[in-house]
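Visitor: Once you've had a glance at the structure underneath, I'll fire off some questions.
The values are calculated or read from the model by the stated rules, or taken from the named source; none is laboratory data. Predicted, not measured: the structure shown is a model, and the values here were computed from it. Cβ atoms come from the backbone with ideal geometry, glycine included; neighbour counts cover every protein chain shown.
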Amino acid sequence: MNAFIMPFLPELILLLGGLVIFVITLGDSLEKRARTAAITIALALLAASVLCFGQEAVLFDGAYRIDAFSQLLKLIISAGFLAIVILGGNLPDIRPAIKPEYHLFLTLSMTGLVMLVSCVDIITLVIALELSAFPLYFLVAMRREREGQRIQMESAIKYIMFGIAANGVMLFGFSYLYGLTGTTSLPEMMVKLQPVMHTPIAIVGLTLAFCGIFYKLAIFPFHFWTPDVYQGSSNETASLIASLPKVGGVAVLVRLASLASPDNTLIPILLSALAIVSMFYGNLIALAQKDLKRLLGFSGIAHAGYALVGFVAFNQAGFASALYYITGYMVMVIACFVVICRVSRDGSNVAISELAGLHRRSPLLALTLIVGLFALAGLPPFVGFMGKLGLLTTALARGHLALVIIAVLNAAIAIYYYLRVIREAVFGDDGGDQTPIVLDRSTQALCVLLIVAIIVLGVAPSPIINAISGSLAGLNLPLPPAAVY
Amino acid sequence: MTPVTQALLVLLLPLVSAAVIALFLRRQGGIATLVSVSVAAALAAVSLNLILGGERFTASMEWLRFGNFAVSLGFKFDDLAAVMLFVVSFVGFFIHLFSTGYMREDAARGRYFGGLSIFMFAMLGIVFADNLFMMFIFWELVGFSSYLLIGHWHERQSASDAAKKAFIVNRVGDFGFLLGILMCYWVHGTVNLTELGATHDGGGIIYSRLIPLLLFCGAIGKSAMMPLQVWLPDAMEGPTPVSALIHAATMVAAGIYMLCRIEVLMVPDALQVIMWVGTTTALYAALCAIVQRDIKKVLAYSTLSQLGYMVAAFGLGSSSFELNGVAIAAGVGAAMFHLTTHAFFKALLFLGSGSVIHGCQHEQDIFKMGGLKSKMPLTFWTFTIGVAAIIGMPGFAGFFSKDAILLLALQKNPAVFAILALTAVLTAFYMVRMWKLVFFGATRSEHAAHAHESGFSMTLPLIVLAVLSAVGGYSGIFGRIAGSVAYLVPHAEGADHTTILIVSLAVMIVGAGSAWWFYKSDATDTLEAKSRGLFRGLTVLKESFDVLYDYYVAKVQQRFAMLLNFLEQIFLAGLIIRGCAGLVGLMGLGGRALHVGSLHAYVYWFLFGLVLLWAYAAGVF
């Protein structure tokens, strides 16, 4: 294959796949074909990401760069994409007439995400961000109307309003940075920003630019859309929104955060304040939830807070542990959402009490749920534990003792509501309903793979952490070298 | 195969068997029996090869490391371990074999044989352990498997109670054992048995006494010494082969084995305490045994008494004992010698009683038996050999080992000698009483009338053990197994020799003769009829400990626990836990109230946060 095409194979596959699905949507009731196409694209994307691993290339005068960092994240994202497509099944809760379109927008959103991690210029970054976000707004609104309830529309409106506002704020911040440095390229900006980093205007610009990402990650106070959108969107959409964009968000945050010079003290304080508030806020409100998706929504806010802890450390090890954590989070949360999607009757939302007797109805799902929640709660030997351990050790190595204590406290609070869900699933009174949940082959394989991934990533974290650290080293961030981790 | 591989094989085979049975064969009793028994046979063969091969070694590997503290797993296979290995694997195999016949009708055979296998694993772990931590781990595993097997017929309330009692009482002793291990590590910096042997620094007068005594607590629990002897008689609720294996031949002897292992830590003061505990237990149990009606309970108390003998022997013979001018650990020799012969004849007696019980449709009351001599001839003759061995009939195994202990006592402490001699009289007395009631006279119940000889799988172990009980005391046999340990057994010379011979013959003849003359093989206890006061006194003596413990648990511990519970409910659970949880929950509810669902409110929050961030970044505060 041509040496020029090769590095961009994932993007090209997505674009081509998007076109194919677009053609499919033109026909009538071809939902099966659209799904097959989506799965094919996901598989091809995964294969292409593996194939292109380690490639390097630049496009658009250096605005779009293929490097070790972007390729690693593409691999992670494409694995997540495959899981999401499989988990969607035949989309029980999407209006039947527009099921093919669902797959189209899903693929387009993925295109945006895959491009996002390669963008090293403000312009391309914003475009990729919008490309990944806009299809999501549609996906939320595509949920079936049941009993005249139109909560999905309300959710979509909230989501889009927040998204646009956050993007506006981010662009405003970028305009400051552009004004200061006269460039849109992030590497150049990084160099030119160093001498003026202590000025309020630089800090304001950077902080406002962060807001766009905080919104994606659902960091307090830009999180208000989260629970409502989780609740209002269909289960498949919620599992997408909960998992993949966060990986992209953290990746972009790594690029933006590295604009600040490492000896800056204001930004770490700001980040730790936001991390603390997000952790407490998410965990405390999650305690009072009855709807499983809403619970995961609030817990997602807390987990975004944990991920921020890695940025507080502000060194390569911190960024690496944040990326490792968010990768693990993606796997854990998808594991929980698989259970939600399969337990749910005709795609409606799942209350925690509906999980009762799950271990009798489907042992595999119960196991997936238990492993997923234990991992989210941060119990060893799962990835959630190793991730938190990495974050806390890097933060501690930089002397953020109070932050570490607060994070541990939050982990303790979180265990309560995760275990409450597990208790309901295992010991709950199922009222005699023991109809088995039949899982198709692909779901079974997905469950097993997720469980294996959660355990393997937790037991043997060094390969992926080394890969992340290695790819970060390639970014030439102006950071102190990675601590031994 | 290298010796280490063989030892590993011996240790792990029963674990594999237990795992296979527990996972796959719980319902297939027949296959489970086959697996367990063939594993027992294989490991007996390998151990015999290991023991007679003469190879002695130590090998260890690190298992866990916390900072400077490492827990290792390893083998210390010396002559002492060889004796114990022989007892466990050889006697263990024959008890497995006996079980195939005894448990044939049992529906839960799979569970039973799985339990036997896990017990063999745990017991062999104690035998091989090269450090105290490893020993403690297997010590607890032994307790666990004993719990499983005592409670095998768990549908019987008394059996499940007895299992719990055995476990809990053992935990009391194990607590001291663990403390002793920790203190040993603290003082000596190691718990490895070989390394401990090289340390001569006792760590001061207090620790040098406290460590052996705390470790001895473990032996008090496991070997059922006073005051923790209460669990052993109750443990007879388990199947009879279990009583033979665990509560007579091997597990209860683990305490004595452990003492011999830590002999290097002993100091005279500690030995003094150990000696008196053993002596008292020996006498107390012998007294209790006289008034028992249940054939297994008589044997249980007799086991207690004999264990007391061993502990007393250990306490008597410190390393200052001189034999032909050479200082030797005579206590270890005498105790291990008696442990070995006792394992033979007590296993024989228990299996014999099992054969009797099996023959009489699970009748255990000796006053309802009688006249079994002609109905079960093979059982009768083997049982008779067992009785002869335990009462110290010259020429039988028990005679030699008991004489060695009496010799030690004679030279060291006349008071102990007197008590042990009296115990020997009592031993002969209650054993002959039981022997006569079971096998002679008229048949006194329906079950006994229909008694029949047991099958081959049950009589073969009886024959083998009878042979060992008869000849196991000769130094040719014991020396072959025990190697250098046999040299530690004291042998009387000159005047002492005469004294011991006369005394032991006299006590045997007095005890056995008076029992034979006194008891009639009748449906009522002659002692109860003739001397009601004495009988009542002995019964009360037997029950006093249980009454005392019941009183303590019900009146003291229970009330204290209730008080603590009350405080816990108010302060811990109420104020601290519920209080914190309530506070956190309230904050959660408060936070949830922010989520009113209205976009206006959200936008305000968004803007508020934005302004806050902007203000902070711009340096407003």
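Visitor: What do you reckon, is A:LYS246 surrounded by fewer than 22 Cβ atoms within 10 Å (Cβ to Cβ), more than 14 Å from every other protein chain (Cβ to nearest Cβ), of a type in the set (D, E, K, R) and out of contact with any strand residue (DSSP E or B) (no Cβ under 8 Å at 6 or more places or on another chain)?
Guide: Values: surrounded by fewer than 22 Cβ atoms within 10 Å (Cβ to Cβ): no; more than 14 Å from every other protein chain (Cβ to nearest Cβ): yes; of a type in the set (D, E, K, R): yes; out of contact with any strand residue (DSSP E or B) (no Cβ under 8 Å at 6 or more places or on another chain): yes.
Considered against the rule, which asks whether it is surrounded by fewer than 22 Cβ atoms within 10 Å (Cβ to Cβ), more than 14 Å from every other protein chain (Cβ to nearest Cβ), of a type in the set (D, E, K, R) and out of contact with any strand residue (DSSP E or B) (no Cβ under 8 Å at 6 or more places or on another chain), A:LYS246 comes out as no.
Visitor: Given the conditions (1) crowded, with 22+ Cβ neighbours inside 10 Å; (2) among the small types (Gly, Ala, Ser); (3) in a helix (DSSP H, G or I), and given that B:GLY370 satisfies all but one, which numbered condition is not satisfied?
Guide: So the condition that B:GLY370 fails would be (3).
Visitor: Kindly indicate which of A:ALA156, A:ALA141, A:ALA128, A:ALA79 is among the small types (Gly, Ala, Ser) and within 14 Å of another protein chain (Cβ to nearest Cβ).
Guide: Among A:ALA156, A:ALA141, A:ALA128, A:ALA79, only A:ALA156 is among the small types (Gly, Ala, Ser) and within 14 Å of another protein chain (Cβ to nearest Cβ).
Visitor: Which of the helices (runs of 4 or more DSSP H) found entirely inside region B:543-621 contain at least 2 residues meeting this: within 13 Å of chain A (Cβ to nearest Cβ) and surrounded by 11 or more Cβ atoms within 10 Å (Cβ to Cβ)? Quick ask: steps written out before the conclusion?
Guide: Values: elements: B:558-567, B:579-594, B:599-617.
Filter on region B:543-621 gives B:579-594, B:599-617.
Visitor: Does region A:193-204 contain at least one residue that is at the interface with another protein chain (Cβ under 9 Å from one of its Cβ atoms) and over 22 Å from A:VAL126 (Cβ atoms)?
Guide: yes
Visitor: Filter region B:518-536 down to residues that are surrounded by fewer than 13 Cβ atoms within 10 Å (Cβ to Cβ) and of a type in the set (Ser, Thr, Tyr) and give me whichever is nearest to B:LEU287 (Cα to Cα). First the steps, then the outcome.
Guide: Here is the first cut: in region B:518-536, the residues surrounded by fewer than 13 Cβ atoms within 10 Å (Cβ to Cβ) are B:524, B:529-533, B:536.
Those still in the list that are of a type in the set (Ser, Thr, Tyr) too: B:524, B:531.
Numbers: B:THR524: 19, B:SER531: 15 Å.
My answer is B:SER531.
Visitor: Before we move on, is A:ALA377 without any contact (Cβ under 8 Å) to a residue 12 or more places away in the chain and of a type outside the set (S, T, N, Q)? Break it down stepwise before answering.
Guide: Working: without any contact (Cβ under 8 Å) to a residue 12 or more places away in the chain: no; of a type outside the set (S, T, N, Q): yes.
Judged against the criteria, A:ALA377 is not a match.
Visitor: Now, a different point. Please tell me if A:ALA260 is at pLDDT below 90, within 10 Å of another protein chain (Cβ to nearest Cβ), on the phi < 0 side of the Ramachandran plot and not in a helix (DSSP H, G or I). Steps first, please.
Guide: Numbers: at pLDDT below 90: yes; within 10 Å of another protein chain (Cβ to nearest Cβ): no; on the phi < 0 side of the Ramachandran plot: yes; not in a helix (DSSP H, G or I): yes.
For A:ALA260, the condition - at pLDDT below 90, within 10 Å of another protein chain (Cβ to nearest Cβ), on the phi < 0 side of the Ramachandran plot and not in a helix (DSSP H, G or I) - is not met.
Visitor: Here's something else I'd like to know. Kindly indicate whether any position in region B:90-103 is within 25 Å of the chain's Cα centre (by Cα) and farther than 30 Å from B:GLU155 by Cα. If you could, list the steps in order and put the result at the bottom.
Guide: Restricting attention to region B:90-103, the residues satisfying the condition of being within 25 Å of the chain's Cα centre (by Cα) are B:90-103.
Filter again for farther than 30 Å from B:GLU155 by Cα, leaving B:90.
Yes: region B:90-103 contains one or more residues that are within 25 Å of the chain's Cα centre (by Cα) and farther than 30 Å from B:GLU155 by Cα.
Visitor: Going by what's in this entry, would A:MET189 be described as more than 10 Å from chain B (Cβ to nearest Cβ), part of a helix (DSSP H, G or I), buried (at least 18 other Cβ atoms within 10 Å of the Cβ) and in contact with a Cys (Cβ under 8 Å, 6 or more places away or on another chain)? Let's see the steps before the verdict.
Guide: Numbers: more than 10 Å from chain B (Cβ to nearest Cβ): yes; part of a helix (DSSP H, G or I): yes; buried (at least 18 other Cβ atoms within 10 Å of the Cβ): yes; in contact with a Cys (Cβ under 8 Å, 6 or more places away or on another chain): no.
So A:MET189 does not fit the description; no.
Visitor: Among the numbered criteria (1) closer than 19 Å to A:LYS293 by Cα; (2) modelled with pLDDT under 90, which single criterion is violated by A:LEU373?
Guide: All conditions pass for A:LEU373, except number (2).
Visitor: Separate question: Yes or no: A:LEU208 touching a residue at least 12 places away in the same chain (Cβ under 8 Å) and within 11 Å of another protein chain (Cβ to nearest Cβ)? Show your work before the answer.
Guide: Details: touching a residue at least 12 places away in the same chain (Cβ under 8 Å): yes; within 11 Å of another protein chain (Cβ to nearest Cβ): yes.
Considered against the rule, which asks whether it is touching a residue at least 12 places away in the same chain (Cβ under 8 Å) and within 11 Å of another protein chain (Cβ to nearest Cβ), A:LEU208 comes out as yes.
Visitor: Does A:HIS223 satisfy the criteria of being within 14 Å of chain B (Cβ to nearest Cβ), in contact (Cβ under 8 Å) with a residue 40 or more places away in the chain and over 17 Å from B:TRP605 (Cα atoms)? Write out each step before concluding.
Guide: On the way: within 14 Å of chain B (Cβ to nearest Cβ): yes; in contact (Cβ under 8 Å) with a residue 40 or more places away in the chain: yes; over 17 Å from B:TRP605 (Cα atoms): no.
Criteria not met by A:HIS223.
Visitor: If you check A:TYR281, A:TYR306, A:TYR329, which single one turns out to be within 14 Å of chain B (Cβ to nearest Cβ), within 22 Å of A:LEU409 (Cβ to Cβ) and of a type in the set (Ser, Thr, Tyr)? Give the steps one after another, and end with the answer.
Guide: Details: A:TYR306 fails: within 14 Å of chain B (Cβ to nearest Cβ); A:TYR329 fails: within 14 Å of chain B (Cβ to nearest Cβ).
Sole residue among the options that is within 14 Å of chain B (Cβ to nearest Cβ), within 22 Å of A:LEU409 (Cβ to Cβ) and of a type in the set (Ser, Thr, Tyr): A:TYR281.
Visitor: If you don't mind, there's one more thing I want to ask. Exactly one condition in (1) surrounded by fewer than 21 Cβ atoms within 10 Å (Cβ to Cβ); (2) touching a helix residue (DSSP H, G or I) at 6+ places or on another chain (Cβ under 7 Å); (3) closer than 19 Å to A:PHE298 by Cβ; (4) among the aromatic types (Phe, Trp, Tyr) is false for A:PHE385; which is it?
Guide: (3)
Visitor: Condition first: crowded, with 18+ Cβ neighbours inside 10 Å and part of a loop (DSSP other than H, G, I, E, B). Now tell me which residues in region A:399-429 satisfy that.
Guide: A:HIS400, A:GLY428, listed by residue number.
Visitor: Looking at B:THR443, B:THR498, B:THR539, can you tell me which residue is in contact with a helix residue (DSSP H, G or I) (Cβ under 7 Å, 6 or more places away or on another chain) and surrounded by fewer than 21 Cβ atoms within 10 Å (Cβ to Cβ)?
Guide: Values: B:THR498 fails: in contact with a helix residue (DSSP H, G or I) (Cβ under 7 Å, 6 or more places away or on another chain); B:THR539 fails: in contact with a helix residue (DSSP H, G or I) (Cβ under 7 Å, 6 or more places away or on another chain).
The match here is B:THR443.
Visitor: Can you tell me which residue among B:ALA300, B:ALA312, B:ALA270, B:ALA285 is surrounded by fewer than 24 Cβ atoms within 10 Å (Cβ to Cβ) and assigned to a helix (DSSP H, G or I)? Quick ask: steps written out before the conclusion?
Guide: Values: B:ALA300 fails: surrounded by fewer than 24 Cβ atoms within 10 Å (Cβ to Cβ); B:ALA312 fails: surrounded by fewer than 24 Cβ atoms within 10 Å (Cβ to Cβ); B:ALA285 fails: surrounded by fewer than 24 Cβ atoms within 10 Å (Cβ to Cβ).
Matching residue, one of B:ALA300, B:ALA312, B:ALA270, B:ALA285: B:ALA270.
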